[in-house]
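Accompanying notes for the structure given below.
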Amino acid sequence: MTPDDILQGLYDQTLVGNAPAVLELTNTGLQLGMQPQTLLFDALIPSLEEVGARFERGDFFVPEMLIAGRAMSGALEVLRPLLAETGVETMGTFLMGTVKGDVHDIGKNLVNIMLEGAGFHVIDLGVQVAPEKFVEAVKEHSPDIVGFSAFLTTTMPMFKANLNALEKAGLRDQVIVMVGGAPVTQEYADAVGSDGYAADASATVKRAKDLLAQRRAVLAS
Ligand code: B12
């Protein structure tokens, strides 16, 4: 099998949600010396984008999305340690969760992997995280940054609800708040009063580092 066969296979098998084949192709690709990033960005993510496009056109329904998502998640488990291989946790603590009412977690998990790879200590609260749970976790872990992930236009308003809950608990000034997810834009992030937005996992790492450096410079002055 050539690297091109692997990429094409990963794309096709993710599209049809064939989790065992996706896992096997991921492992074979790695054995052939392919980079984990190549498998992710040149096959797995484009395939999931195509799943979304087909859902939008009415060619795919929820079950197809679900099995494609599961197939992608299986591959991510294999790629996670390789993408996060530095293992040195010195940058700061990042508390992350998908907002209440929303079960999408693949994008969030990808962000977590990249943050871990960049040296952040990541605490993941999972999906469907209610504002009170974010507040409790901020009290318990005192993170530097809190991230809210939302993949539905109907759950994006939870950003504001979470920010209000932090404000009410007197915690808003203690943390940097970042928001993201497929339908989120910089304009929306600004409008709800978050501190930062990023469109993808690598941009999240860069933005998180910048925001942290700014915060630390202010605190030091
Ligand atoms: C897989 C999938 C599902 C799976 C989720 C599986 C899982 N474990 O996540 C299942 C089947 C469960 C699902 C369900 C639904 N889904 Co869905 N789903 C998708 C799909 C195909 C892929 C999403 C995904 O994981 N993408 C891959 C990742 C890598 O995406 P990404 O955006 O590039 O992620 C990056 C950024 O967003 C950013 N990021 C993410 N989080 C964060 C957080 C922070 C803090 C920061 C800074 C950055 C950041 O970094 C990520 C990594 O680079 C999308 C289509 C799409 N194109 O997005 C629809 C999509 C999101 N779903 C959609 C819909 C409508 C639904 C349902 C309502 C369908 C239904 N009728 O039941 C339900 C809702 C369930 C719920 N209550 O949450 C719509 C949303 C439309 C809208 N604008 O609101 C989409 C866009 C499909 C479409 N084109 O219509 N879905």
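The values are calculated or read from the model by the stated rules, or taken from the named source; none is laboratory data. Treat the numbers as computed from the prediction; the structure is a model and nothing was measured. Positions of Cβ are backbone-derived with ideal geometry, glycine not excepted, and every protein chain shown enters the neighbour counts. For the accessible areas, the whole protein counts, side chains as well, though only heavy atoms, and no ligand, DNA or RNA atoms are used. Shrake-Rupley method; radii C 1.70, N 1.55, O 1.52, S 1.80 Å.
Cβ-Cβ under 6 Å, sequence separation 6+ or interchain: first residue in the range 127-142 and of a type outside the set (Ser, Thr, Tyr), partner in a helix (DSSP H, G or I). Which pairs?
PRO131/ALA161; PRO131/ASN162; PRO131/ALA165; PHE134/ASN162; VAL135/ALA165
Considering the range 182-221 alone, what residues qualify as being among the charged types (D, E, K, R), in a helix (DSSP H, G or I) and more than 8 Å from the ligand (Cβ to nearest atom)?
Matches in the range 182-221: GLU187, ASP190, LYS206, LYS209, ASP210, ARG215, ARG216.
Consider ASP42 carefully, then state whether it is away from the ligand (no atom under 15 Å from the Cβ), acidic (Asp, Glu) and open to solvent by 60 Å² or more (accessible area, probe 1.4 Å).
no
With (1) out of contact with any helix residue (DSSP H, G or I) (no Cβ under 6 Å at 6 or more places or on another chain); (2) open to solvent by 60 Å² or more (accessible area, probe 1.4 Å) as the list, and GLY58 as the residue in question, which single condition is left unmet?
The number of the failed condition is (2).
Being of a type in the set (D, E, K, R) and either outside the structural domain of ARG216 (by TED's automatic domain parsing) or more than 8 Å from the ligand (Cβ to nearest atom) (or both), is that true of even one residue in the range 102-114?
Checked the range 102-114: no residue is of a type in the set (D, E, K, R) and either outside the structural domain of ARG216 (by TED's automatic domain parsing) or more than 8 Å from the ligand (Cβ to nearest atom) (or both).
Mind telling me which of the residues MET1, MET34 ends up being modelled with pLDDT under 95 and either outside the structural domain of MET65 (by TED's automatic domain parsing) or outside any helix (DSSP H, G or I) (or both)?
Testing whether each residue is modelled with pLDDT under 95 and either outside the structural domain of MET65 (by TED's automatic domain parsing) or outside any helix (DSSP H, G or I) (or both) leaves just MET1.
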